[in-house]
Amino acid sequence: MTDILLVLLLFKASLGFEIQKGGKKIATNAGVDYYLGEDKRTIIALETRETIWVANVIDVCGRPPIGKPEIRNVKLIDKMFEVTYGKHSLARVDIKTGKIECLGSDGYSCLKGATHSWAKGASIPE
């Protein structure tokens with residue numbers, strides 16, 4: 001029984017490590033580390049190597065009208081990340097929930113207008 005518990009704990013601890021592997025740490029706030037995922041589409045929140053949320057900006061906001069479908073810049077302002085993706089597209093990500101707000105792009109409105117986050121305890125989206 002203790003062997004099974006140990007394996008489960010090791011798996012749970014390694015999950016956060018695998019998600020951040022190859023990603024770039026972008027901020028730390030109140031004991032939570034935030035990473036830009038290796039795919040350059042997601043922001044990942046980890047607390048003691050456990051995933052709190054994963055926010056995929058490109059999937060939620062859609063392909064930018066100009067530029068590559070990847071995050072180019074992330075700034076922490078108050079309790080939000082301001083995210084530039086593509087060439088001139090903008091989004092905000094709430095640092096507590098991972099909720100994404102699509103702000104549009106140089107006169108373009110966000111096509112999906114959606115908000116989304118992957119919450120702790122849910123399956124990781126493929």
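The values are calculated or read from the model by the stated rules, or taken from the named source; none is laboratory data. What you see is a predicted model, and the numbers here were worked out from it, not measured in a lab. Cβ: placed from backbone, ideal geometry, glycine included. Neighbour counts: every protein chain shown.
Give the number of residues within the stretch 28-45 that are free of Cβ contacts under 8 Å to residues at least 60 places away in the same chain and within 10 Å of the chain's Cα centre (by Cα). Before the answer, list the steps.
Narrowing the stretch 28-45 to residues free of Cβ contacts under 8 Å to residues at least 60 places away in the same chain: 28, 30-31, 33, 35-45.
Right, trim to within 10 Å of the chain's Cα centre (by Cα) and you get 35-37, 40-45.
The qualifying residues number 9.
I'd like to verify a number: residues in the stretch 63-81 that are crowded, with 17+ Cβ neighbours inside 10 Å and either among the aliphatic types (A, V, I, L, M) or farther than 20 Å from ILE44 by Cβ (or both), how many?
Qualifying residue count, the stretch 63-81: 3.
Take the residues of the stretch 32-58 that are polar (S, T, N, Q) and farther than 11 Å from ILE100 by Cβ: which is surrounded by the most Cβ atoms within 10 Å (Cβ to Cβ)?
Per the criteria, the residue is THR51.
Pull out all pairs, ordered by first then second residue, where Cβ-Cβ is under 7 Å, the residues are six or more apart or on different chains, the first lies in the stretch 60-71 and is of a type in the set (Val, Ile, Thr), and the second is part of a strand (DSSP E or B).
Correct list of pairs: VAL60/ILE100; VAL60/CYS102; ILE71/LEU36; ILE71/VAL83; ILE71/TYR85.
Answer yes if at least one residue in the stretch 51-59 is at negative phi and assigned to a loop (DSSP other than H, G, I, E, B), and no otherwise.
Going residue by residue through the stretch 51-59, those that are at negative phi are 51-59.
Now narrow it down to the ones that are assigned to a loop (DSSP other than H, G, I, E, B): none.
Looking for residues that are at negative phi and assigned to a loop (DSSP other than H, G, I, E, B), one finds none in the stretch 51-59, hence no.
Going by what's in this entry, would ILE43 be described as within 19 Å of ASP106 (Cα to Cα) and at pLDDT 95 or above? Break it down stepwise before answering.
On the way: within 19 Å of ASP106 (Cα to Cα): no; at pLDDT 95 or above: yes.
Judged against the criteria, ILE43 is not a match.
For the stretch 72-116, give me every one of the strands (runs of 3 or more DSSP E) that falls completely inside it and has 1 or more residues that are at pLDDT 95 or above and small (Gly, Ala, Ser).
On the way: elements: 80-85, 89-94, 100-105.
Output list reads 89-94.
Looking at the stretch 82-89, can you tell me whether even one residue there is farther than 20 Å from LYS25 by Cβ, of a type outside the set (D, E, K, R) and in contact with a helix residue (DSSP H, G or I) (Cβ under 9 Å, 6 or more places away or on another chain)?
Keep residues of the stretch 82-89 that are farther than 20 Å from LYS25 by Cβ, which gives 86-89.
Restricting the remaining residues to those that are of a type outside the set (D, E, K, R) gives 86, 88-89.
Add one more test, that the residue is in contact with a helix residue (DSSP H, G or I) (Cβ under 9 Å, 6 or more places away or on another chain), and what stays is 86, 89.
Scanning the stretch 82-89 turns up at least one residue that is farther than 20 Å from LYS25 by Cβ, of a type outside the set (D, E, K, R) and in contact with a helix residue (DSSP H, G or I) (Cβ under 9 Å, 6 or more places away or on another chain).
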